[in-house]
Each structure stands twice: as structure tokens, then as C-alpha cells.
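K.L.:
Questions regarding the structure given below will be posed in turn.
Any read-out appearing in this document is the output of simple, stated calculations on the displayed coordinates, not a laboratory observation. Note that the coordinates shown come from a computational prediction; the quantities given were computed from them, not determined experimentally. Positions of Cβ are generated from backbone atoms using ideal geometry, with glycine treated the same way; all protein chains shown enter the neighbour counts.
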Amino acid sequence: HDDLKGLHTALMISVNKDGSLNEEGTRQIVRHNIDRMKVDGLYVGGSTGENFLLDTDMKKRVFEVVKDEAGSEVTLIGQIGGTNVYEAIDLAHFVTDLGYDAISAVTPFYYKYNFEEIRDYYKMIAQAVDNRLLIYSIPDLTGVEISVENFKALFEIDNIVGVKFTAADFFLLERLRKACPDELILSGFDEMLLPAVVNGVDGAIGSTYNVNGVKAREIFDLARQNKIDQALEVQHQTNDLIEAILDNGLYPTIKEILKLMGVDAGYNRRPMASASDSQIAQAKAIYDQYLS
Ligand code: SI3
């Protein structure tokens, strides 16, 4: 599964003020990531893509527009999971037919499921389509924690090839890497890319790669060459940027920075608020200080 390794942008989408998809802006975000951020792949329909705010038709249109723009230039992973497993299966078929290289499914959330129910959800999706599946684990947002033993049980399901691991639990990551040396682990927190690579992840998926993909690549490459001091220096610079972005509001700030880079990133879809005037001004200051 070498094509799934490396650095993938958790893709933003561009939204019009009325909440509809800005297709041209979304195409610009795709091009910007491929041509200027030079990432290996795009993770479409994730948290950064405001996926959990969209209806099924809009999710499908995002998948179509991204595939149409990206073609086969980079690896495409379609995040199809959510609270409705039947929608997830429908979307899994949809993106597989479009030619997505893999699917990913967030752990089912909202109700407190036991592990049997979580495993059932993954079996239903994995058995429905002929495509590779990455578990999307993000306990901070879903409240769903998965133990090493339970990850191992999920990896036994045919078609499941790994996990997008978005957590700051490095003990769990280390245990998981040791227990499952052959599964793909893609880390999710951009500000912890270096320690994740040191712990043997195969790649990473991140929101800030939309604007900082080139520096992320430096960290990734230096760390894999064992140049830890140099990698840490770039991680320090990167985390000054990420801290400033988080302080100003993650997704609205990335969108405003994209606009300063000439990309029509549009608004956020409500109820997520778009950047206020003061956030826009601060985004400009962040861009000037760290990215121009
Ligand atoms: O699905 C996705 O959009 C992601 O890949 C999420 C990714 O892990 C990001 N997590 C969230 C919650 O947005 C990170 O890239 C994160 O934004 C970044 O590390 C800043 O904390």
C-alpha cells in the first residue's frame, strides 16, 4: 500500500455564503494542494472538509469535483463514514466507482456504541465494497477510544488496511505500531508530526498542509533520514504557525490564509462561523509573519 503512505492534505472545501458548494473555489484548493503544497494525496470528506455539516448530495458533489480536478495526479482517500452506516455504504460505492484509491470511515459516534457494534459497522462497510479502508480514529471529536486489542480485531476484517490516528496518545501509538507492524498508520496531528514519525508512522494527514505542506514535507523527510535536530527546528517553526492558527480559529483561519495565497476558499458552512473582521486581520498578520 505504498501509494497510501506519505503526506496527505485533509482537504478544505470552498462554500458559498448561502451554504452551497463553491465548485470553482474547491477546484482551486485541489490545484493549490497538488501544484504548490506538493502533497502525495488528498483526504476528502474529513473533519477539515466540513463533511459532517453536509447532506449526502453535497458530499457526493465534493467527491466528484475533487476527482475531476485531481484525476490521477495524487492519491485520493474518500472519508465516507458517519452516523448513518447505510449512507456510508452508499458513499463507499460512490467514491469507489469514481476511482478513489481508498476509503476511510470515522468511528461511529453520537450514541455510545460497544465494540461489537463498532466492529459490525466496519464489517458492513468493508464487505460492501472492493476498496481499501482506513479506520478514522479521532477520539477528541467522537469520544470513541479504541484499544490496541480492538484495533487488532478491526485489522482482521478483509479490506481494512490501517488507521488514520488523530490522537496525542503516544503510548497508544507506540503500542499499536509494535503490535501491528504491517498495518498502515497515518498520523493526524500536524503539530506532532515529528514524534509520530519517530514512532514509525507511514505518513500523515493534516489540515494545515493546505497552507504549510512544504514545511511539513521537510519535517517528514528530515525525520525519516534521522536528522532529528533539524526536523525539530522545522517543527518548532511550524508549531509557532499552528499555535497562531489554533488561537485564531482553525478552519476559518486556514480559509483566510488560502485566500491570501490566491485561492477562493470561501466561507464556512453554518453553524460553523466564518472568519470575523478581526479574525481576517489576524489571519493576514499570521500569513505575513510565517508564510509570505
Ligand atoms: O479529517 C480531517 O480533516 C483530518 O485529517 C483532521 C486532522 O487530523 C486535523 N484534525 C482536526 C480535528 O482538524 C489536524 O490536521 C489538526 O487540524 C491540526 O493538527 C491542528 O490541530
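K.L.:
Sort out for me the helices (runs of 4 or more DSSP H) sitting completely within segment 86-164 that have 3 or more residues that are more than 16 Å from G188 (Cα to Cα) and free of Cβ contacts under 8 Å to residues at least 24 places away in the same chain.
P.N.:
115-128
K.L.:
Given the structure, is L53 aliphatic (A, V, I, L, M) and either closer than 21 Å to L184 by Cβ or touching a Pro at 6+ places or on another chain (Cβ under 9 Å) (or both)? Quick ask: steps written out before the conclusion?
P.N.:
On the way: aliphatic (A, V, I, L, M): yes; either closer than 21 Å to L184 by Cβ or touching a Pro at 6+ places or on another chain (Cβ under 9 Å) (or both): yes.
Considered against the rule, which asks whether it is aliphatic (A, V, I, L, M) and either closer than 21 Å to L184 by Cβ or touching a Pro at 6+ places or on another chain (Cβ under 9 Å) (or both), L53 comes out as yes.
K.L.:
Here's a follow-up. Quickly run through segment 260-280 and pick out the residues that are among the charged types (D, E, K, R) and under 16 Å from T48 (Cβ atoms). Walk me through how you get there before you give the answer.
P.N.:
First, the residues of segment 260-280 that are among the charged types (D, E, K, R): 264, 269-270, 277.
Within segment 260-280, just R269 meets the criteria.
K.L.:
Related question: What number of residues within segment 32-76 satisfy the criterion of being within 14 Å of the ligand (Cβ to nearest atom), part of a helix (DSSP H, G or I) and not basic (K, R)?
P.N.:
Selection size over segment 32-76: 7.
K.L.:
Quick check on segment 195-250: of everything there that is part of a loop (DSSP other than H, G, I, E, B) and without any contact (Cβ under 8 Å) to a residue 60 or more places away in the chain, which residue is nearest to G162 (Cα to Cα)?
P.N.:
Filtering segment 195-250 for residues part of a loop (DSSP other than H, G, I, E, B) gives 199-202, 207-208, 225-227, 249.
Within this subset, residues satisfying the condition of being without any contact (Cβ under 8 Å) to a residue 60 or more places away in the chain are 199-201, 208, 225-227, 249.
Details: N199: 15, G200: 13, V201: 11, T208: 22, Q225: 24, N226: 24, K227: 27, G249: 30 Å.
Among those residues, the one meeting the criterion is V201.
K.L.:
Right, here's the next one. Determine which member of the set E64, E69, E73 is closer than 23 Å to I34 by Cα, in contact with a Lys or Arg (Cβ under 7 Å, 6 or more places away or on another chain) and charged (D, E, K, R). Quick ask: steps written out before the conclusion?
P.N.:
On the way: E64 fails: in contact with a Lys or Arg (Cβ under 7 Å, 6 or more places away or on another chain); E73 fails: in contact with a Lys or Arg (Cβ under 7 Å, 6 or more places away or on another chain).
Going through E64, E69, E73 in turn, just one is closer than 23 Å to I34 by Cα, in contact with a Lys or Arg (Cβ under 7 Å, 6 or more places away or on another chain) and charged (D, E, K, R): E69.
K.L.:
Among the residues of segment 1-31, write down those that are in a loop (DSSP other than H, G, I, E, B), in contact with a Leu (Cβ under 6 Å, 6 or more places away or on another chain) and aliphatic (A, V, I, L, M).
P.N.:
Step one: of segment 1-31, the residues in a loop (DSSP other than H, G, I, E, B) are 1, 5, 11-14, 16-20, 22.
Narrowing further to those that are in contact with a Leu (Cβ under 6 Å, 6 or more places away or on another chain): 1, 11.
The one that is in a loop (DSSP other than H, G, I, E, B), in contact with a Leu (Cβ under 6 Å, 6 or more places away or on another chain) and aliphatic (A, V, I, L, M): L11.
K.L.:
Let me ask something else. For segment 179-209, how many residues meet the condition of being more than 13 Å from the ligand (Cβ to nearest atom), more than 22 Å from S147 (Cβ to Cβ) and surrounded by 19 or more Cβ atoms within 10 Å (Cβ to Cβ)?
P.N.:
Here the count works out to 1.
K.L.:
Identify all residues within segment 251-286 that are free of Cβ contacts under 8 Å to residues at least 60 places away in the same chain, of a type in the set (D, E, K, R) and more than 15 Å from G25 (Cβ to Cβ); write none if there are none.
P.N.:
Result: D277, K284.
K.L.:
So in segment 19-46, with the set limited to residues that are polar (S, T, N, Q) and in contact with an Asp or Glu (Cβ under 7 Å, 6 or more places away or on another chain), which one is farthest from F220 (Cα to Cα)?
P.N.:
Filtering segment 19-46 for residues polar (S, T, N, Q) gives 20, 22, 26, 28, 33.
Right, trim to in contact with an Asp or Glu (Cβ under 7 Å, 6 or more places away or on another chain) and you get 22, 28.
Numbers: N22: 32, Q28: 25 Å.
Of everything passing the filter in segment 19-46, N22 is farthest from F220 (Cα to Cα).
K.L.:
Looking at (1) part of a helix (DSSP H, G or I); (2) crowded, with 22+ Cβ neighbours inside 10 Å; (3) within 13 Å of the ligand (Cβ to nearest atom), find the lone condition where E256 falls short.
P.N.:
Going through the list (1) part of a helix (DSSP H, G or I); (2) crowded, with 22+ Cβ neighbours inside 10 Å; (3) within 13 Å of the ligand (Cβ to nearest atom), E256 breaks only (3).
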